[in-house]
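Right, one structure below, let's go through it.
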Amino acid sequence: MANAPVDSPVSAAAGKIKNKKLLDWVEEVAAMCRPDRVHLCDGSDQEYQLMIRIMLQSGSAISLNPERRPNSIYVRSTTVDVARVEDRTFICSKTQDEAGPNNNWEEPTRMRRRLTELFTGSMRGRTMYVIPYCMGPLGSPIAKVGVEISDSPYVVANMHIMARVGTKVLEQLGADGDFVKGWHSVGAPIGPNEQDSAWPCNSEHKYICHFPETREILSFGSGYGGNALLGKKCHALRIASVQARDESWLAEHMLILKLTSPKGEVKYVTGAFPSACGKTNLAMLISTVPGWKVETIGDDIAWMKFGDDGRLYAINPEAGFFGVAPGTSMKSNPNAMLTITKNSIFTNCALTPDGDVWWEGMTDEKPAELMDWLRRQWTPDSARLASHANARFTTPAKQCPVIAKEWEDPKGVPIDAILFGGRRATVIPLVIESFDWQHGTFLGATASSETTAAAAGKVGQLRRDPMAMLPFCGYDMGSYFAHWLKIGATPGAKMPKIFVVNWFRKDEKGKFLWPGYGENSRVLKWIFERCNGTANAVDTPIGRLPRPEDLDVGGLDIPAANLSKLLNVDVEGWLGEIPLIHQFFDQFGERLPKALRDEVNRLEQRLKK
Ligand code: SAT
Ligand code: MN
C-alpha cells in the first residue's frame, strides 16, 4: 500500500492482503469509489451475521420468525431492480465481431471511461466490501478464484451462500495467484446527513459490463441477482465461457444431476434450460418410477473438463441455489422447500402476518392476508400478485435433502448425457436423442424457448436461446458453436450423448400434454437406458425418439392420444422451422460452422423424404 495514507479506509484491510495484484486493485477501486470504510471479507459466520444486522438496521431486511424460518431474512427491492437487465448487459471485447450479434457491445476504452465517471465517488457514505470467492470446491483443478468488490451488504450475504468466500480463498490465491476482478456498486452514494434507502440502487444508470480480454466485470446500478452476485452469471458463465474457449473446456448454463437405477448403477446428467424453466425442479426431482433416484449436484451452472479417461467431468461452481420462488411448493419441489427451511434469504416474496414468507403457488389456498412485495396490504381479492414473478430464495446447497455425496468432489463427476430444453408449446416432442455430437450441437444451437420473468422484458415470447446461453455467452455465438464441435472432436474423447427434452408441450386448448415434475423421471429413465443401450428408439427425420411403448408410463394416468402427440414428429411444424433456423444462423456470418448449415440441410432432406 505504498500510496495509501496509514489511516486511509483501505489500510487495515490492505495489511491482510498478500497478493500484489489484489492489493493494487483494492487501492485503485477505493481511490475511485471513495468509500467511508473498507472491509476485507473473511467468510465467517460472524461476518454473515454482521451483514444481516446491518441490513436489519438500515431497513433493508426483516428477520423472519425464527420458529418458522430460523436465521432467515426477508428483503424487498424496488420496482426498478427486480431481474437481470439484458439490454444493459455489455461484452466489451476489443472488436464488436468478437462479442457477436448475441451481445450488446461497446468499445472497451469508451465503456471504461463511462464507468469511471459512474464509479467515481459512488461508494461515499458506504462500506466497500472485498469478497474473495472461489467458484467450485476449493482445491479443485476445475475451480477458479474471483474477487468481488461491492458496496452492498446484501451482496456479501448472498455471496456467502452462493460461493466459497473469505480467508480460505485468499490463502488459495497466494501471493501471485490470478483472479477475475468484479467491481460492483449499487451506484447510490449516501451524502452527509442522508439516510440510506432500504434498497439502494441507481434508477437512472445500470451497466453490467464484461471485459473478456482482461477477465473483468464492472457492474453498476443494480443490487439484484445475476446483475450483482458477480460470481454467478457474470463470472461463471460470461467470463468463464471465454476462458473455456481459450482452454478447451465448457462453461455452461446447466444443472447437474445424479441418476441411480434400482440396480444401483449411476449416471450423471447435465441439462441446459433457460432461466426459470425448471432446472431447480429437475435437479431435485423425486422419481415416480419405483427404485429410481435423482440426487442434486447443481441447479444452474456446470463447468466441464476432460479427465484422463477422455470423459467430461463436471463441477458445480456454486455453493448455493438462487432459485425462483413462485411455483415452488411441497407438490412441485419438496426438496427445495426442505432446503429453504433455514439460513436463507428471501427476496421479493410476500410476508405473512406471523413473519414467514409466501409466494404464488406455494399453497393451494392463498393466505387470508399478506404484506405484498411492495409493502402493501394484500388479500386474495387483491387483483395483483403478492410476490414478484422473479422473487427468489438464496439457500445453501448443502441443506438440500437430496444433495449427492459427491457434489463437492474436486475432480467433478463424469457426464453421461447432456439435455437441452426449453418452454415450447408446439413442435418440439417430449424427448429426442441426437444422432451424434454434431447433430446434438445443432439441436442445442437451435433451441428456443418462451421468455420468462427472470429477465426484464416481455414474458412468453418465443426466442432462440442456443444452449440456454443466449444471455450468458461472453463471445460470438458462431464461434461458440464451433467450440462445441471442436470439443466433440477432441482425440480420445468419450462424449456424452445429447438429448432434447420439452416438458411444456400443450394441446390445442392450451393444456399441458405432459404432467411434468416427478413424472419427468420416466424420460430420465429412458435416457439412462439409451446410454446403456438397453432402451429402444426409432430413427426419425429429427432424431431418435421413443415409441409410446418404449417409455415407462406404468401407473401414470395419461391418455394415449397425449402420449402419441408428445412423441409425434410434426413434419409441417419442423419444415416451418427450417427458414427460421437459416435466418437465425445468417446473423453469425462467416463464424457459423459449416457443419451446422449442413445439419439444417440434412434435416430438411430427411423431412421431405
Ligand atoms: O441471473 S440470475 O441469477 O438473476 C437468475 C437467472 O436468470 O437465472
Ligand atoms: Mn440460470
_Could you report the chain's accessible area per residue, 1.4 Å probe, as an integer in Å²?_
38 Å²
*How far apart, in nm, are the 7 Å Cα→Cβ label points at Ala425 and Asp586?*
2.7 nm
*Using a 1.4 angstrom probe and counting only protein chains, how large is the accessible area of Glu117 in Å², to 10?*
120 Å²
*asked:* Taking 60 Å as R0, compute the FRET efficiency from the Cβ-Cβ separation of Val553 and Leu374 and round it to 0.05.
replied: 0.85
*Using a cut-off of 15 Å between beta-carbons, work out the net charge of the residues near Thr352 (Lys and Arg +1, Asp and Glu -1, Thr352 not included).*
-1
_Within-11-Å neighbourhood charge of Gln96 [Cβ basis; K, R +1; D, E -1]_ = -4
*asked:* Starting from the 7 Å offset along Cα-to-Cβ, what nm value, one decimal, do you get for the label separation of Val80 and Asp539?
replied: 5.9 nm
*Tell me, in nm to one decimal, what length is gained between Asn532 and Thr490 on full extension, where the rule is 0.36 nm per residue of separation less the Cα-Cα distance?*
12.9 nm
*Charges only on Cβ, +1 for Lys and Arg, -1 for Asp and Glu: so what's the dipole of the chain about the Cα centre, in debye to the nearest 20?*
320 debye
*Over its Cα atoms, what ratio of radius of gyration to 2.2 N^0.38 Å does region 322-399 give?*
1.04
*Between Ala561 and Glu67, what is the label-to-label distance in nm when each label sits 7 Å out along the Cα-to-Cβ direction?*
5.3 nm
*Within the set Lys206/Lys305; Lys486/Lys525; Lys279/Lys398, which residue pairs have Cα atoms separated by over 25 Å?*
Lys206/Lys305; Lys486/Lys525
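For region 240-328, compute Rh as the Kirkwood radius over C-alpha pairs and then the Stokes-Einstein diffusion coefficient at 4 °C and 1.567 mPa s; write the answer in µm²/s, rounded to an integer.
92 µm²/s
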*Run the accessible area of the chain with a 1.4 Å probe and give the carbon-and-sulfur part as a rounded percent.*
51 percent
*Where Rh denotes the Kirkwood radius from the mean inverse Cα pair distance, what is Rg over Rh for the chain?*
0.96
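The values are calculated or read from the model by the stated rules, or taken from the named source; none is laboratory data. Source: prediction; values computed, not measured. Backbone-built Cβ (ideal geometry, glycine too); neighbour counts: all protein chains shown. Just so you know, the surface numbers come from the protein's heavy atoms only, side chains and all, with ligands and any DNA or RNA stripped out. Shrake-Rupley method; radii C 1.70, N 1.55, O 1.52, S 1.80 Å.
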